[in-house]
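Have a look at the structure below, then the notes.
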Amino acid sequence: MTTVVWAEGSLHDPGEPLITALDHGVTVGDGIFETMAVRDGRVFALTRHLARMAYGADRLGIGPVDADAIHGAVDEVMEAGQGTLTRLRVTVTSGTGPMGSARGDGPHSLLVTGVDAPRPRTCHAVRSPWRRNERGALTGVKSTSYAENAVMVAYAREHGADEAILANTQGHLCEGTASNVILERDGEIVTPPLASGCLAGITRGLALEWGAAAGIPVRAAAPGELTMSVLDEVLAGDTHLAVTSSTRGVQHVASLDGKALEPGTMLRRLAAQFELRAEQEPDPGLPRSK
Ligand SMILES: Cc1ncc(COP(=O)(O)O)c(C=O)c1O
C-alpha cells in the first residue's frame with residue numbers, strides 16, 4: 001500500500017515520528033480533519049472541504065487554518081503519490097498544549113496524508129445502540145475527537161457490517177459514523193436535516209444540489225420528520241436506504257442488521273447523477289446560501 005506523509009513543511013517516511021507528545025491533538029483530540037477522495041487524479045471538492053475545515057476551526061476557536069499551506073502540502077502529496085493515491089486526509093490540530101483541556105498558544109500542527117486504499121465497494125449497516133448528541137459543543141464539526149465513531153465501527157464489524165447508523169438524543173434519524181444517510185420514501189428522496197446533529201457532508205450537500213438540478217425530487221427533511229422508525233420501513237422494503245460520503249459517493253446500503261435490501265430506483269438515479277457531475281466538476285464552488 002502506498003502512503004505519502006507530509007508534516008512540518010516537508011514529506012516524511014510514513015513510519016517517522018512527527019507529532020510531539022504534548023500536541024493537543026494527541027492529548028485531547030483538539031483538532032479537525034477532512035477526508036477527500038481523489039477522482040481522476042484530482043482531489044475532489046477541495047474548496048468545499050477547506051471551507052468546512054475553516055468552519056470547524058472557527059467552531060473550535062483555534063484560529064483560522066492556513067489554506068495556502070494546506071494547498072501547498074496537498075500538491076506535494078499528490079505529486080509524490082505519482083497518480084496512485086485515491087484518498088487524502090488533512091489534519092489540523094491546535095498544536096502543542098498543556099496536559100489538560102486548556103490550550104497552549106503554539107502554532108497549529110498540519111498533517112496531510114495520502115493513501116491508495118480502494119473505495120468501499122458495498123455498505124452493510126447496523127443500527128447503533130448509541131446516539132449522536134445534537135447539542136454537543138462539537139456537533140457538526142469534523143473533529144479529531146472521533147473515538148466514539150471508532151467504537152461504533154468496531155461494533156458494526158462485530159456484527160458483520162462496516163457502518164453503524166445512529167439516532168440523535170431525541171430518537172431522530174441522524175447519520176452513520178462516517179456517512180450521511182439518505183432515503184427513498186413515498187416517491188421522493190429525503191435526508192435528515194443538519195438540526196439532527198449530522199455532519200454537513202460534502203457529498204450530502206452536492207447530492208441535494210445536483211439531484212435537484214437534474215429534476216430528482218430530493219430534499220432535507222424537516223426536524224423530527226424522520227425518526228429511527230423509518231429504518232423499520234427500510235427493513236419492510238417500503239423505503240430504500242443509501243449512505244453518502246466522500247469515499248463512498250451515493251452508495252446503496254446492501255444490508256441492514258443482516259437483512260438484505262433492494263436498491264431504490266430514484267436513489268440509483270441520484271447516485272448516477274452524482275458520479276456524472278463529479279466527473280464534470282472536480283472542484284464544485286461553494287453553495288450560494290450556506
Ligand atoms: C460523521 C460523518 N458524517 C458524514 C460524513 C460524510 O461527509 P462527506 O460527504 O463530507 O465525506 C462523514 C465523513 O467522514 C462523517 O465523518
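Computed on the stretch 67-189, with alpha-carbon pairs under 8 angstrom and 6+ residues apart, the relative contact order is 19 percent.
Centroid-to-centroid, using Cα positions, the stretch 1-53 and the stretch 238-290 are 25 Å apart. The simple Förster model, with R0 at 22 Å and r as the Cβ-Cβ distance, assigns residue 10 and residue 117 a FRET efficiency of 0.40.
Net charge of the neighbourhood of residue 166, taken over other residues with C-beta under 12 Å away and scored Lys/Arg +1, Asp/Glu -1, is -1.
When only alpha carbons of the stretch 70-164 are considered, Rg and Dmax amount to 17.2, 44 Å.
Step by step: find N for the stretch 3-115, compute 2.2 N^0.38 Å, then divide the Cα radius of gyration by it. What's the final number? The reported ratio for this selection is 1.05. Comparing 212, 199, 144 along the charge dipole axis of the chain, the residue lying farthest to the positive side is 212, per the Cβ-charge model.
Applying the Karplus relation 6.51 cos²θ - 1.76 cosθ + 1.60 with θ = phi - 60° to the stretch 147-161 yields 3J(HN,Hα) values of 4, 5, 5, 4, 4, 6, 5, 4, 4, 4, 5, 4, 9, x, 10 Hz, where x marks Gly and Pro.
How would the stretch 123-280 be classified by its alpha-carbon gyration tensor: rounded, prolate or oblate, with rounded meaning a/c under 1.5 and the a/b versus b/c comparison settling the rest? Rounded is the answer for the stretch 123-280, as its axis ratio a/c remains below 1.5. Whole-Hz Karplus values for the stretch 112-119 come out as 10, 10, x, 9, 10, 4, x, 5 Hz, taken residue by residue from phi with 6.51 cos²θ - 1.76 cosθ + 1.60 and θ = phi - 60°; glycine and proline positions read x. The fewest-to-most ranking of 145, 229 by surrounding Cβ atoms within 10 Å reads 229, 145.
Placing +1 on the Cβ of every Lys and Arg and -1 on the Cβ of every Asp and Glu, with no other charges, gives the stretch 3-115 a dipole of roughly 500 debye about its Cα centre.
Our note on the geometry: Cα centres of the stretch 89-138 and the stretch 208-230, 27 Å apart. Normalised by the number of residues in the chain, the average gap of Cα pairs under 8 Å and 6 or more apart makes the relative contact order 19 percent. Taking every C-alpha pair closer than 8 Å and separated by at least 6 residues, the mean separation divided by the residue count of the stretch 134-290 gives a relative contact order of 21 percent.
Tell me the net charge near residue 109. Cut-off is 12 Å between Cβ atoms, residue 109 excluded, with +1 for each Lys or Arg and -1 for each Asp or Glu.
-4
Running Debye on the chain with equal point scatterers at the Cα sites and no solvent, what base-10 log of I(q)/I(0) appears at q = 0.08, 0.14 Å⁻¹? So the normalised log intensities work out to -0.34, -1.07.
Nearest 20 debye, what's the magnitude of the dipole of the chain about its Cα centre given +1 on Lys and Arg Cβ and -1 on Asp and Glu Cβ?
580
Read-outs: derived from the displayed coordinates by stated rules, not from any lab. Treat the numbers as computed from the prediction; the structure is a model and nothing was measured. In this analysis, Cβ positions are derived from the backbone assuming ideal geometry, glycine residues included, and neighbour counts consider all displayed protein chains.
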